[in-house]
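The values are calculated or read from the model by the stated rules, or taken from the named source; none is laboratory data. Everything numeric in this text was worked out from a predicted model, so none of it was measured. Cβ atoms come from the backbone with ideal geometry, glycine included; neighbour counts cover every protein chain shown. These area figures cover heavy atoms from the full protein model, side chains too; ligands, DNA and RNA do not enter into them. Shrake-Rupley method; radii C 1.70, N 1.55, O 1.52, S 1.80 Å.
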Amino acid sequence: MGPVASGAVARNLSPMKRALIILALAAAAPLLAQASETWLGLAPCELCLWQRWPYWAAAGFAALALALPPFAGVLLSLAGLAALTSGALGGFHLGVEQGFWPSPLAGCKAATAGGAMSIEDMLKSLAPIPNKPCDAPAFLIPGLPISMAAMNMVYGLGLGALSLGLARQGARA
């Protein structure tokens, strides 16, 4: 389907359908991440956990768009900005994984023995959760060299663009 045809389809969607699409796609990302922890045993790092909150915000804005159709355009735009935020966090996380820059979050650092720390001090310095350093990539699909942070970056940017596009199409309709 070309850009003209897909634009026509978007114009034919009601504000409720647009909001439902964004709500479902926004909620799917953190739910999939949680499922990968529960069923696949992938441990999240602190940056992984941070990337989930903007999706919940996007889902909340989309749910509000369902409840307040006259404001659907603005609310879907806010949902798009929230999704773009998660995509940006995913890009930052990808940079940490690739060693381009260190993570500023204390919970992202791997546990070390330190200088002259006692065992008690080392145990106190360990964070109970998350237990994975942020520079250790997690791969969802075996054999595919794309980390979950990279997948989140692409998904968040795509969802943000879709949400902003649907909000814009709704304003024109």
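If E46, E97 are ordered by their accessible area, calculated over protein heavy atoms with a 1.4 Å probe, which sequence runs from highest to lowest?
Largest accessible area first, the list is E46, E97.
For L68, what residues show an amide H to amide H distance below 5 Å, using hydrogens built from the backbone and excluding near sequence neighbours?
Close amide H contacts, sequence-distant or interchain: none at all.
In nm², what is the average projected area of the convex hull enclosing the Cα atoms of region 58-97?
Averaging across all directions leaves 2.4 nm² for the Cα convex hull.
Pop a pseudo-label 7 angstrom from the Cα along the beta-carbon direction at both R168 and L31 and give the gap in nm to one decimal.
2.9 nm
Output the Kirkwood hydrodynamic radius of region 36-107, Cα pairs only, in Å rounded to one decimal.
13.7 Å
Say each of L140 and L105 gets a label point 7 Å from the Cα, pointing the same way as Cα to Cβ; how far apart are those two points in nm?
Roughly 1.7 nm, to one decimal.
Mind ordering 143-149, 81-87 by average Cβ neighbours within 10 Å, highest first?
The peptides rank, most packed first, as 81-87, 143-149.
Taking 0.36 nm per intervening residue step and subtracting the Cα-Cα distance, what contour gain separates E120 from A24 on full extension?
30.0 nm
Per residue of region 36-42, what does 6.51 cos²θ - 1.76 cosθ + 1.60 with θ = phi - 60° give for ³J(HN,Hα)? Whole Hz please, x for Gly and Pro, Karplus curve as stated.
For region 36-42, the Karplus curve yields 5, 6, 5, 9, 9, x, 6 Hz.
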